[in-house]
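In what follows, a single structure is set out as structure tokens and then discussed.
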Amino acid sequence: MAGILSAIKLREAGFDDFTVYEKADRPGGTWRENRYPGIACDVPSHLYSYSFAPNPDWSHRFAPGSEIQAYFEGVAQRYGVTPFIRFGSEVSRGTFRGGRWQLETKDGRRDEVDAVIAATGVLHHPNVPPIEGLDRFAGALFHSARWDHAVRLDGRRVGIVGTGSTAVQMVSALVDRVARLSLFQRTAQWIMPQENPAYSDSERAAFRRRPELLRSAYADLGTLFHAFSTGLVDADSPQMKAIEHACRTNLEENVRDPVLREKLRPSYRAACKRLVMSPDFYQAIQKPNAEVVTEGIERVEARGVRTRDGRLHELDVLVLATGFRVDRFVRPMQVVGRDGLDLDAVWAQRPSAYLSITVPGFPNFFLLNGPNGPVGNFSLIEVAELQLGYAMALLELLRSGRCREISPSAEATARFEAERSEAARRTIWASGCRSWYLDDRGVPMSWPWTFDRFREEMSAPRLEAFELR
Ligand SMILES: Cc1cc2nc3c(=O)[nH]c(=O)nc-3n(C[C@H](O)[C@H](O)[C@H](O)COP(=O)(O)OP(=O)(O)OC[C@H]3O[C@@H](n4cnc5c(N)ncnc54)[C@H](O)[C@@H]3O)c2cc1C
């Protein structure tokens, strides 16, 4: 998404000497890799689209992953940027030397470039939990982002570890196909009820005929989600109260068995963890062949999962819906900035960046969806578009000859990070739960202010925060 976006916008701005390095053999990133049953976006598709490339043909309010994948491939083709992508080319190292970046790829190529945009993704490196015995399982075992489509599911006993958005989507998609579905739950999730209606042929025809309808759908959904962001960053806001009420009512009214209801009741506030949206998770998990297992996992054995109460849950297929290593960003690529400064060392404690885009000591290096940006239930496309606009304003300083090297000052970065982590402590993400939003100190790794403030910051770089050479 962010690489294709960069290519389109660079071309529009008149840059024609650039390369998009892609280690895989086709575009799509997240949507190429995550192909589990039930995958869909959880931001409405008319918002989860490039602002400049609305799509009249989304089949549902929350489109399935395969449509999103086709959308990204289609946009890349339509905007003529596919030829700029070098597939099968993994950048393993970038070194800033003599005022330029020397890039090395795994297949032995060396290129020299003036600037680097790191559009390497955030939910990209699967997180495999340290459960004893994973290698001893005799059935099929894989992470949700590495789905093995050769494995038969129908009529089999399937276990899912994890209860985030991915697991919830999978439960709904699989329960009617499998003989038994065991959901291994460490933490219960609040479920925001969210219908996912299909668009009718006539609705889609109207979107095709009248582009202004698409533009207003994008704008209206944007306004809705930005208001939602205001709620998230103020744990006591009326928006938060409304979200909590909707989630609680969903649980109370839709889970009949009081024992199961208590198992599914989280002990923290709604939206503290990434809010899970689903039209039908509670209906699915109450089917007779489904079970929520709350007993902790002792180990995995050849025949299934042994929980701490000694029970063996026999399984044919075990899926790890255990998320991603969200502190990696551009890594494992080795990034070496000015005077041999190693990004891995700079980020040894935790990753940070000035406004999530630039890092002191790493000139002409721009991250999209980098550390501490807005990640909670927004369209990351919108986020990347704004960040890219900001990065391109800095690139323009290089192109115009105003400077040859640009990087943020250490002082501006430290001040930003101090203000950010202070504000982050007041958000809903810091209200008392364990989640992937939290860093090693328990501080949310996210943009802690409103989306409007983010947009305002992104509208133009404040040059006093940068060192220009
Ligand atoms: C299951 C799932 C559901 C999601 N749902 C939503 C949603 O509803 N709404 C939302 O806003 N976001 C959602 N996201 C987040 C999603 O990741 C982003 O929306 C978006 O797709 C990220 O795009 P990206 O280009 O930044 O990164 P990615 O899609 O991760 O793409 C990064 C690309 O860079 C390549 N790459 C990485 N490192 C290198 C290297 N060193 N050399 C060469 N190539 C490299 C990768 O192969 C990949 O193709 C979801 C994520 C997941 C996993």
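Across every pair of non-identical alpha carbons in the chain, the mean reciprocal distance, once inverted, gives a Kirkwood radius of 23.6 Å.
Contact order for the chain, expressed relative to its length and based on alpha carbon pairs under 8 Å spaced 6+ residues apart, stands at 20 percent. Accessible surface area normalised per residue over region 22-100 is 38 Å², counting heavy atoms of protein chains with a 1.4 Å rolling probe.
Using the 1.4 Å probe convention, the accessible area of region 271-419 works out to 35 Å² per residue with neighbouring protein chains retained. When cysteine pairs in the chain are screened for C-beta atoms closer than 4.7 angstrom, the residues that find no partner are Cys41, Cys247, Cys403. Lysine pair count for the chain (Cα-Cα distance under 19 Å; residues 8 or more apart in sequence or on different chains): 4.
Rounded to the nearest 5, the antiparallel percentage of DSSP beta bridges internal to the chain is 45%. Under the criterion of Cα pairs below 8 Å and six or more residues apart, the relative contact order for region 322-383 equals 25 percent. The long axis of helix 2-12 is offset from the longest Cα principal axis of the chain by roughly 30 degrees. The modelled label-to-label distance for the pair Asp452/Asp114, using points 7 Å beyond Cα in the direction of Cβ, is 3.8 nm. Normalised by residue count, region 386-457 yields a Cα convex hull volume of 115 Å³ per residue. If R0 is 51 Å, the Cβ-Cβ spacing of Ala410 and Arg299 corresponds to a FRET efficiency of close to 0.65.
Each 5 Å bin from 0 upward holds the following percent of the Cα-Cα pairs of region 43-134: 2, 10, 14, 15, 14, 14, 13, 11, 6, 2, 0. For the chain, the longest principal axis of the Cα atoms and the long axis of helix 165-174 meet at an angle of about 50 degrees. Its DSSP H runs of at least 4 residues, each contributing -39,500 (n - 2.57), put the calculated 222 nm mean residue ellipticity of the chain at -9500 deg cm²/dmol, to the nearest 500.
Which part of region 247-288 falls in the paramagnetic zone of Asp327, meaning amide N under 20 Å from the point 7 Å along Cα-to-beta-carbon? Only 273-274 fall inside the zone, counting backbone N under 20 Å. Quick one: angle between helix 211-232 and the longest Cα principal axis of the chain, in degrees between 0 and 90, rounded to 10, please. Approximately 80 degrees, to the nearest 10.
The values are calculated or read from the model by the stated rules, or taken from the named source; none is laboratory data. Everything quoted here is computed from the prediction, not taken from an experiment. All Cβ positions, glycine included, derive from the backbone under ideal geometry; neighbour counts span all protein chains shown. The protein model used for the area step is the full one, side chains on, heavy atoms only, and it has no ligands, DNA or RNA in it. Shrake-Rupley method; radii C 1.70, N 1.55, O 1.52, S 1.80 Å.
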